[in-house]
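This report refers to the structure that appears directly beneath it.
The values are calculated or read from the model by the stated rules, or taken from the named source; none is laboratory data. Predicted model, so just to flag it, every value in this text is computed and none were measured. Here the Cβ is made from the backbone with ideal geometry for all residues, glycine too, and neighbour counts use every protein chain on show.
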Ligand SMILES: Cc1ncc(COP(=O)(O)O)c(C=O)c1O
């Protein structure tokens, strides 16, 4: 089956802008562009909108009434999924890692405004309980006669990855329209890995000379490269693309997580401030700040060569800045 034959519902404000980061790129000695997927728009925007165009098409075709997904406390994926569920008249249920907070800030505030049912799981119990808990919500929906649809963490599936296969096609069209050769490298944050899986397939299809580097923002029980190669292979198979990926084909930098997933890191925070003050662009403390810190360090260490032509995927996430207002304003002078 061809990419265009996979059912897709339009959600995003696409194509998203491709912007030069000349000041930061000049300081680093590379040609740096940013793909503004924080401006996919729908439901506050972010990378998951592209995945949801495919996942929601599948859900709608199955007559789904209840959409269930999971993520961290400040999950951008959960917020966008809740918005997409509402758009198609479905009820969103979010199983989130974290206890019920005193104040609903950032993405939690938006989840609340969307009327999502939120099931908070204690962080220590989360990994053991999340699967059965989502299944329990699905079973309860079925018992009410409502078709449920479980979207995995981060929308990370072969179908969801199609969003970033399409994104590479979109990028290649933007470069072609500007009369520019393909970039050397695409850099993206890696959480659940669906974005990276899609970028790998997309580059193999549309930009065969362009490499992809993922910057991990969390740990992973199964090594990232193994898990993501499986997803990329399933995605390639879905569209009849005759290419398979081995874990050794993947470049994933794992040194930039900091203390833990979703705990802001000093280098990530520095990157947030640097990009805001050099480019007027807001990153976030969970994903894109850490990923940009990784990109900057790779350039410093020479594993991204001077003069490289690099596209950074801005996957969104700025709502998660607000719960960290205190931390991020410690340098204030008045
Ligand atoms: C802002 C942002 N960046 C990056 C990612 C990671 O994307 P993926 O889960 O596809 O690896 C996410 C996932 O939730 C995200 O919200």
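Tabulated results
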| read-out | value |
| --- | --- |
| Lone qualifier among 283, 295, 327 - being more than 22 Å from residue 31 (Cα to Cα) and either modelled with pLDDT of 95 or more or outside the structural domain of residue 33 (by TED's automatic domain parsing) (or both) | 327 |
| Residue in region 23-38 that is assigned by TED's automatic domain parsing to the domain that holds residue 186, in contact (Cβ under 8 Å) with a residue 40 or more places away in the chain and in a loop (DSSP other than H, G, I, E, B) present | yes |
| Test set (1) part of a loop (DSSP other than H, G, I, E, B); (2) within 16 Å of the ligand (Cβ to nearest atom); (3) surrounded by fewer than 21 Cβ atoms within 10 Å (Cβ to Cβ) - residue 240 fails condition number | (2) |
| Count of residues meeting criterion [within 19 Å of residue 15 (Cα to Cα) and part of a helix (DSSP H, G or I)] in region 181-195 | 1 |
| Residue among 13, 42 that alone is under 18 Å from the mean Cα position of the chain (by Cα) and crowded, with 17+ Cβ neighbours inside 10 Å | 42 |
| Residue 210 crowded, with 22+ Cβ neighbours inside 10 Å, more than 16 Å from the ligand (Cβ to nearest atom) and under 13 Å from residue 35 (Cβ atoms) | yes |
| Residue within region 153-161 that is assigned to a loop (DSSP other than H, G, I, E, B) and within 16 Å of the ligand (Cβ to nearest atom) present | yes |
| Residue match in region 172-180 (condition: touching a residue at least 12 places away in the same chain (Cβ under 8 Å), in contact with a helix residue (DSSP H, G or I) (Cβ under 9 Å, 6 or more places away or on another chain), in a helix (DSSP H, G or I) and under 16 Å from residue 51 (Cα atoms)) | no |
| Given (1) in contact with a strand residue (DSSP E or B) (Cβ under 9 Å, 6 or more places away or on another chain); (2) without any contact (Cβ under 8 Å) to a residue 24 or more places away in the chain, index of the condition residue 102 fails | (1) |
| Top-ranked residue in region 276-307 [being touching a helix residue (DSSP H, G or I) at 6+ places or on another chain (Cβ under 9 Å) and over 20 Å from residue 255 (Cα atoms); ranked as surrounded by the most Cβ atoms within 10 Å (Cβ to Cβ)] | 281 |
| Any chance residue 106 is under 30 Å from residue 322 (Cα atoms) and crowded, with 20+ Cβ neighbours inside 10 Å | yes |
| Filtered residues of region 45-78 (kept if over 25 Å from residue 100 (Cβ atoms), away from the ligand (no atom under 11 Å from the Cβ) and under 16 Å from the mean Cα position of the chain (by Cα)) | 52, 53, 54, 55 |
| Residue within region 322-330 that is within 15 Å of the ligand (Cβ to nearest atom) and surrounded by fewer than 17 Cβ atoms within 10 Å (Cβ to Cβ) present | yes |
| Residue identified as surrounded by fewer than 21 Cβ atoms within 10 Å (Cβ to Cβ), within 13 Å of the ligand (Cβ to nearest atom) and over 19 Å from residue 309 (Cα atoms) among 220, 265, 248 | 220 |
| Test: residue in region 253-261 that is under 30 Å from residue 209 (Cβ atoms), surrounded by fewer than 24 Cβ atoms within 10 Å (Cβ to Cβ), assigned by TED's automatic domain parsing to the domain that holds residue 195 and more than 15 Å from the ligand (Cβ to nearest atom) | yes |
| Filter result (more than 18 Å from residue 245 (Cβ to Cβ) and within 6 Å of the ligand (Cβ to nearest atom)) within region 183-201 | 189, 191 |
| Enumeration of residues in region 160-171 that are crowded, with 23+ Cβ neighbours inside 10 Å and either more than 21 Å from the chain's Cα centre (by Cα) or over 18 Å from residue 55 (Cα atoms) (or both) | 168, 171 |
| Yes/no for residue 272 being away from the ligand (no atom under 16 Å from the Cβ) and surrounded by 18 or more Cβ atoms within 10 Å (Cβ to Cβ) | no |
| Complete set of residues in region 119-156 that are over 17 Å from residue 66 (Cα atoms) and in contact with a helix residue (DSSP H, G or I) (Cβ under 7 Å, 6 or more places away or on another chain) | 121, 154, 156 |
